[in-house]
Amino acid sequence: MNAPPPLPPRAADYKFCLRCGQTLERRLVEGVLRPVCPACRKIHFIDPKVAVAVIVERGEQLLLIQRRGDPEKGKWSMPAGFVDAGEDPARAAEREVREETGLHVRVTALLDVIAKTEPAEGADILIVYRAEAVGGSLTPGDDAAAAGYFAPADLPADLAFASTRTVITRWLAGR
Ligand SMILES: [Zn+2]
């Protein structure tokens with residue numbers, strides 16, 4: 001006998017129907033185990049969590065922040081964060097940079113879309129943009145202990161998340 005398929009990520013958090021409040025059951029729907037409402041028959045599909053990360057360029061340098069909190073506290077990464085429902089991801093990218101560094105930036109290009117990033121990052125899809133500063137002043141925000149521009153040859157040794165180095169490598173390859 002085959003083992004039942006695993007629940008999709010976060011599906012175990014779904015206990016009650018969002019539409020009618022009934023306790024959910026788990027049923028196979030086209031080969032995938034999903035929370036299903038036995039009363040109103042709503043199938044609760046789990047939407048992917050989408051995050052944005054931003055390479056803010058200044059000449060040959062890019063902007064990094066030192067993370068104030070967990071995960072990866074004290075390590076360095078690009079400004080990044082989750083996209084809100086209804087929010088244009090490019091605007092989310094500009095918002096995250098503003099919140100974390102005080103800089104006002106303009107997205108200039110899409111660099112990459114990365115599927116299934118590390119669990120610690122909490123995103124299923126990471127959209128990476130290139131951007132340039134158009135105003136503001138460099139001041140670490142609530143989530144950042146420090147922020148600064150770095151040359152590729154002079155990056156901090158303790159980069160957060162494997163994806164940070166992957167993204168920087170792809171950025172360098174595309175210049
Ligand atoms: Zn229901």
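The values are calculated or read from the model by the stated rules, or taken from the named source; none is laboratory data. As the structure is a computational prediction, the values presented were derived from the model and not from experiment. FYI the Cβ positions are ideal-geometry reconstructions off the backbone, even for glycines, and counts take in every protein chain you see.
Hey, among Val50, Val113, which residue is exposed (fewer than 14 other Cβ atoms within 10 Å of the Cβ) and of a type in the set (A, V, I, L, M, F, W, C)? Walk me through it before giving the result.
Working: Val50 fails: exposed (fewer than 14 other Cβ atoms within 10 Å of the Cβ).
Just one listed residue meets the conditions, Val113.
Do we have Asp70 as loosely packed, with under 14 Cβ neighbours inside 10 Å, at pLDDT 95 or above and either within 23 Å of the chain's Cα centre (by Cα) or in a helix (DSSP H, G or I) (or both) here? Can you show your working first?
Working: loosely packed, with under 14 Cβ neighbours inside 10 Å: yes; at pLDDT 95 or above: no; either within 23 Å of the chain's Cα centre (by Cα) or in a helix (DSSP H, G or I) (or both): yes.
Judged against the criteria, Asp70 is not a match.
I need the full set of residues from the range 147-175 which are in contact (Cβ under 8 Å) with a residue 12 or more places away in the chain and loosely packed, with under 14 Cβ neighbours inside 10 Å, in order please. Ala151, Pro152, Asp158, Ala162, Leu172, Gly174 - these are the residues of the range 147-175 that are in contact (Cβ under 8 Å) with a residue 12 or more places away in the chain and loosely packed, with under 14 Cβ neighbours inside 10 Å.
In contact with a helix residue (DSSP H, G or I) (Cβ under 6 Å, 6 or more places away or on another chain) and outside the structural domain of Arg10 (by TED's automatic domain parsing) - does that describe any residue in the range 145-157? Give the derivation first.
Taking the range 145-157 and keeping what is in contact with a helix residue (DSSP H, G or I) (Cβ under 6 Å, 6 or more places away or on another chain), we get 147, 152.
Still in the running and outside the structural domain of Arg10 (by TED's automatic domain parsing): 147, 152.
Checked the range 145-157: at least one residue is in contact with a helix residue (DSSP H, G or I) (Cβ under 6 Å, 6 or more places away or on another chain) and outside the structural domain of Arg10 (by TED's automatic domain parsing).
Residues in the range 21-37 that are away from the ligand (no atom under 16 Å from the Cβ) and either touching a residue at least 12 places away in the same chain (Cβ under 8 Å) or surrounded by 13 or more Cβ atoms within 10 Å (Cβ to Cβ) (or both): Leu28, Gly31, Val32, Leu33.
Note on the range 136-172: residues that are in a strand (DSSP E or B) and under 22 Å from the mean Cα position of the chain (by Cα) amount to 8.
If I ask for residues that are assigned to a loop (DSSP other than H, G, I, E, B) and charged (D, E, K, R), which ones from the range 100-130 would you list? Step through it out loud before you land on a result.
The initial filter retains those residues of the range 100-130 that are assigned to a loop (DSSP other than H, G, I, E, B), namely 102, 116-118, 122-124.
Selection gives Lys116, Glu118, Asp124.
When Thr108 is tested against (1) surrounded by fewer than 20 Cβ atoms within 10 Å (Cβ to Cβ); (2) hydroxyl-bearing (Ser, Thr, Tyr); (3) closer than 23 Å to Ala145 by Cα, only condition (3) is not met. Of all the residues in the range 6-28, those that are in a loop (DSSP other than H, G, I, E, B) and touching a strand residue (DSSP E or B) at 6+ places or on another chain (Cβ under 6 Å) number 3. Among residues that are among the aliphatic types (A, V, I, L, M), outside any loop (DSSP other than H, G, I, E, B) and crowded, with 18+ Cβ neighbours inside 10 Å, Ala133 is included.
The number of residues in the range 1-20 being surrounded by 11 or more Cβ atoms within 10 Å (Cβ to Cβ) and either within 16 Å of the ligand (Cβ to nearest atom) or more than 29 Å from the chain's Cα centre (by Cα) (or both) comes to 7.
Could you list, in sequence order, all residues of the range 74-96 that are free of Cβ contacts under 8 Å to residues at least 24 places away in the same chain and closer than 16 Å to Asp142 by Cα?
So the first thing to find is which residues in the range 74-96 are free of Cβ contacts under 8 Å to residues at least 24 places away in the same chain, and the list is 84-88, 91, 95.
Result: Arg95, single match.
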